[in-house]
Amino acid sequence: MKKPIKSLVTSVEDGRILRTQRSREAIINAAYQFMEVEGTSPTAQVVADAAGVTIRTLFRHFPEMDLLYRELHRLTYEHYAKEYQKGDRTGPLDDRVLSAVKTFTAAYSSQRNVFLVAKSMMRNSVFLRENYSRVQRDLSKRLLEWIPELNDLPDEIHDGVDGLLSFEFWHRLQVIQGVSKKRSISIINRLVLSFLAEKI
């Protein structure tokens with residue numbers, strides 16, 4: 001008669017583990033929905049309500065919101081990193097620059113909400129501040145795949161090209177000023193080439 005009791009205890013424990021996993025996933029998915037799809041930065045209470053859990057349960061899983069942000073980053077990074085693997089990196093400089101501009105701006109378009117939400121929450125999040133800086137450094141290194149000539153130019157030239165190919169500059173043109181996608185690409189491409197022409 002002991003075996004059924006042991007089996008029952010194991011079953012109860014397995015059920016608790018499953019519920020814990022489900023509530024954790026529900027919290028992450030709810031936060032992801034707000035950030036990625038709706039482009040908003042909700043409070044912990046709003047996330048808990050959307051996930052169907054109590055605020056106490058949310059903080060049991062994520063004692064600090066930065067821990068939740070880390071999970072969201074893990075969830076999205078793999079997908080978005082692939083965006084920057086696109087584009088032709090061969091041929092004349094003009095062709096490579098245009099390819100880089102198209103690749104980066106297309107990635108920004110698909111990641112717009114992620115960038116905006118992350119930037120809006122950076123003031124209160126050590127992880128988001130540090131991670132945003134890491135992302136910028138990574139993009140700067142990736143740019144060298146298209147324009148290796150930057151390695152032989154002064155740092156100010158590389159910094160300037162980084163600025164022209166930044167999310168912030170793209171967002172200013174296409175979203176704030178309402179410039180079309182095609183014209184935004186043309187403007188950024190022309191500015192980058194003009195900047196490089198001074199030194200190459």
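All of the numbers you see were taken from the coordinates with simple rules; none came from a lab. Values in this document were obtained by computation on a predicted structure and should not be read as measured data. When we count neighbours, we look across all protein chains shown, and the Cβ atoms used for this are built from the backbone with ideal geometry, even at glycine.
If you plug the beta carbon distance of PHE59 and GLU156 into 1/(1 + (r/R0)^6) with R0 = 30 Å, you get a FRET efficiency near 0.05.
Taking every DSSP helix (H) stretch of at least 4 residues in the chain, weighting each as -39,500 (n - 2.57) and dividing the sum by the residue count yields a mean residue ellipticity at 222 nm of -24000 deg cm²/dmol. Within the shell of other residues whose beta carbon sits under 13 angstrom from the beta carbon of PHE59, the net charge comes to +1, with Lys and Arg scored +1 and Asp and Glu -1.
Sorted from greatest to least, the principal axis extents spanned by the alpha carbons of segment 66-200 come out as 45, 33, 25 Å. Net charge of the neighbourhood of SER99, taken over other residues with C-beta under 11 Å away and scored Lys/Arg +1, Asp/Glu -1, is 0.
Take every Cα pair under 8 Å in the chain that's 6+ residues apart, average their separations, divide by the length, and report that relative contact order as a whole percent. Relative CO of the chain lands at 19 percent. The mean of 1/r over all pairs of different alpha-carbon atoms in segment 52-131, once inverted, gives a Kirkwood hydrodynamic radius of 15.0 Å.
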